[in-house]
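Report on the following structure.
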There are 2 protein chains.
Amino acid sequence: MFDLDVRSRKPIYEQLVDKLKELIMNDVLKVDEQLPSVRTLAQQLTINPNTIQKAYRELETQGYIYSIKGKGSFVNATVKSVNTEKLEKVKKELIRLLTEAMYLGVTSNELETIISDIESSLGGGSSID
Amino acid sequence: MFDLDVRSRKPIYEQLVDKLKELIMNDVLKVDEQLPSVRTLAQQLTINPNTIQKAYRELETQGYIYSIKGKGSFVNATVKSVNTEKLEKVKKELIRLLTEAMYLGVTSNELETIISDIESSLGGGSSID
DNA sequence: TTACTGTATTATTATTATTAGTACAGTTTT
DNA sequence: AAAACTGTACTAATAATAATAATACAGTAA
């Protein structure tokens, strides 16, 4: 279910955050559905429970899930209010354009620079950097 | 001339690589023009010369510059063969689309995931990761 | 009570970018 | 020839941080 790259520059917990967001947004994990417990998921992925907890905490901060001590962590309903349809269109267009750009020689580093520029110009609130 | 972010996840030397590529591609640094020496630039940016050297070595590996011991480092002509006009158009379109995507809630992490996906599907030869 | 949940804390390990210092080789200028 | 530049190479130390390890505590459910 999760394919993590331990040697990526992106920390494992952030990869987890991204992956879980994706699962939530694609309704693989449905609203109010319980996520695997920190210990269970840690065992499945053979990584430390603290790393899972860090990801869950981040997801909760960003409003994607809510956690109840003793019960578990669950998918939050509020985030689903985003216009997912339009978002999907943009994503597809984005993939097309990114592909073209990279064929033209734009490197991923340059793209990340562009992204971080845009991010800071937007106020930079949503990233966890 | 250079604005480096020492607390970025992206290492300083990679930021330098990106910045210098940009200057080369935009003809701010022209073909066969000499780049500042590793020691000079290090002093200007108040960072270690080794960091500059690492960036220069990377740029040389990627064919953007060539270095001659005792003389200096210079902009390579070969990389300028790219269709810069079309590239600029794509970049502008990209910025517009990326901005829209991030307004819709796509995080930079998600974008980087998309990029790395595309990168590996293209064969992934150009990145320095 | 037992066995789950989330949460918190401290210490340790591992990785990696960066710095620091030094040395050597080649070029240019005086 | 000498001085002052260039790039290059190498080792060691430092700093930052992700991840692990090991507990402990608190709430829930069987």
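Only the coordinates and a few stated rules stand behind these numbers; no lab work does. Because the structure is a prediction, the values reported are computed rather than measured. Reconstructed Cβ throughout: ideal geometry from the backbone, glycine too, with neighbour counts over all protein chains shown.
The C-beta contact set for the stretch B:15-33 (first residue more than 8 Å from every other protein chain (Cβ to nearest Cβ) and in contact (Cβ under 8 Å) with a residue 24 or more places away in the chain, second residue among the aliphatic types (A, V, I, L, M) and part of a loop (DSSP other than H, G, I, E, B), distance under 6 angstrom, 6+ apart or interchain) comprises B:VAL31/B:ALA77. So which pairs qualify, if the first residue must be in the stretch B:49-77 and away from every other protein chain (no Cβ under 14 Å), the second must be more than 8 Å from DNA strand D (Cβ to nearest atom) and of a type in the set (Asp, Glu), the Cβ gap must be under 8 Å, and the two must be at least 6 apart or on different chains? What qualifies is B:PHE74/B:ASP32; B:PHE74/B:GLU33; B:VAL75/B:ASP32; B:VAL75/B:GLU33; B:ALA77/B:ASP32.
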